[in-house]
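This report concerns only the one structure given below.
No lab work stands behind these numbers, since they all come straight from the coordinates. Owing to the predicted nature of the structure, the values given are computational and were not obtained by experimental measurement. Every residue, glycine as well, gets a Cβ built from its backbone with ideal geometry; the counts of neighbours run over all protein chains shown.
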Amino acid sequence: MPTVSILGCGWLGLPLAERLLAKGYAVNGSTTTAEKLTVLTEKKINAFQIALTEQEVTGNLQDFLANAEVLVIAIPPKLRAATSAPFAGKLEILLPYLEQSPVKKVLFISSTAVYPDEVSYNKVTESYIPNPDTESGKQLLQAEKLLQNNPNFQTTVLRFGGLIGEDRHPVTHLAGKENIANPEAPVNLIHQEDCIGIILRILETESWGEQLNAVAPYHPAREAYYCKKAAEMQLPLPTFAHGKLSVGKIISSEKIQDVLHYSFRKTDF
């Protein structure tokens, strides 16, 4: 089995690392905090403390990449903070290290935020030309292009919808809020279990140089869905604004099902 380096052992990267180890892969994992190094080491992950800024890389990035054949980039943009550095700039400073490493295959965890919301709710496939309408989407698209246009390695871009898991659900942020926009817009979510399952399938099938949407084939309207989930979780119900037309999109994951022959495990959550 090849060695896989995971840049960002957080909510997704850490359980992914555990699944890879269970399958016999060797795993290098990064964290930005010294405290988490022990957690990674205890799980038999080769742990590295690495942080990226627009100006520099802190940590031993050379050794993190030195024996790896595959790099998984699983760091979120984090663009909401006023002090956030442009995400694409962080990845640009990574490129010289990556070009000088043995890594020839990169899996970049992106987002369906690269697609704009529309009134029509047309089904969005990978052939749809991205035109993001948020800063996060713009930064992610720029990062995608930086990696895909580099001839030194093959990059597969995996665009996840909203992330949910046993310990994570967007309704917790919406509970009790008022006048939420786009009540009729369809939801586009994916469970952590399927995120990991799809990544493993990409590695197993050597599906490189691809662009893949990854969203569960389950798209109820936002208002109906989040009110139902809030009631189930005994949270205050959110209320939605109906004064304007809802905008949104339906993300298609048919390519993942056809190309990877992957069947979603969580389709009603």
> Can you work out ³J(HN,Hα) from phi for every residue in segment 181-196, in order, using Karplus 6.51 cos²θ - 1.76 cosθ + 1.60 and θ = phi - 60°, giving whole Hz and x for Gly and Pro?
Replying inline: 6, 6, x, 8, 5, x, 7, 9, 10, 9, 7, 3, 4, 6, 4, 5
> In whole Hz, what ³J(HN,Hα) sequence does segment 117-122 give by Karplus (6.51, -1.76, 1.60; θ = phi - 60°), x for Gly and Pro?
Replying inline: 7, 9, 6, 6, 6, 4
> Are there GluC sites (Glu not before Pro) in segment 1-96 that DSSP marks as loop and that have at most 11 other Cβ atoms within 10 Å, and which are they?
Replying inline: 56
> Considering amide H positions built from the backbone, and no H for Pro or chain starts, which residues 5 or more places from residue 159, or on another chain, come under 5 Å of its amide H?
Replying inline: 110, 212, 213, 214
> Given the rule -39500 (n - 2.57) for each run of at least 4 DSSP H residues, summed and divided by the residues of the chain, what is its mean residue ellipticity at 222 nm, to the nearest 500 deg cm²/dmol?
Replying inline: -9000 deg cm²/dmol
>> Loop only by DSSP, 10 or fewer other Cβ within 10 Å of the Cβ. Give me the trypsin sites (Lys or Arg not before Pro) in segment 202-264 that pass, ordered by residue number.
In response: 244
> Using θ = phi - 60° and the Karplus curve 6.51 cos²θ - 1.76 cosθ + 1.60, what whole-Hz ³J(HN,Hα) does each residue of segment 136-143 get, with Gly and Pro shown as x?
Replying inline: 4, x, 5, 5, 5, 5, 4, 5
> What are the radius of gyration and Dmax of segment 1-115, computed over its Cα atoms and given in Å?
Replying inline: 13.7, 42
> Between the DSSP loop rule and a limit of at most 13 other Cβ atoms within 10 Å, which GluC sites (Glu not before Pro) in segment 123-174 are left?
Replying inline: 166
>> If amide hydrogens are placed 1.01 Å from N in the peptide plane, which non-local residues have theirs closer than 5 Å to the one on residue 117?
In response: 133
> Quick one: Kirkwood hydrodynamic radius for the chain, alpha-carbon pairs, angstrom, one decimal?
Replying inline: 19.5 Å
> Dividing the alpha-carbon radius of gyration of segment 89-150 by 2.2 N^0.38 Å (N being the number of residues), what value is obtained?
Replying inline: 1.32
>> Skipping prolines and chain starts, which residues have an amide H placed within reach, meaning under 5 Å, of the one on residue 124, given they are 5 or more residues away or on another chain?
In response: 250, 251, 252
>> Taking every alpha carbon pair in segment 123-234, what does the distance histogram look like in 10 angstrom bins from 0, in percent?
In response: 11, 36, 34, 15, 3, 0
>> On the Cα set of segment 16-75, report Rg and Dmax in Å, please.
In response: 11.6, 37
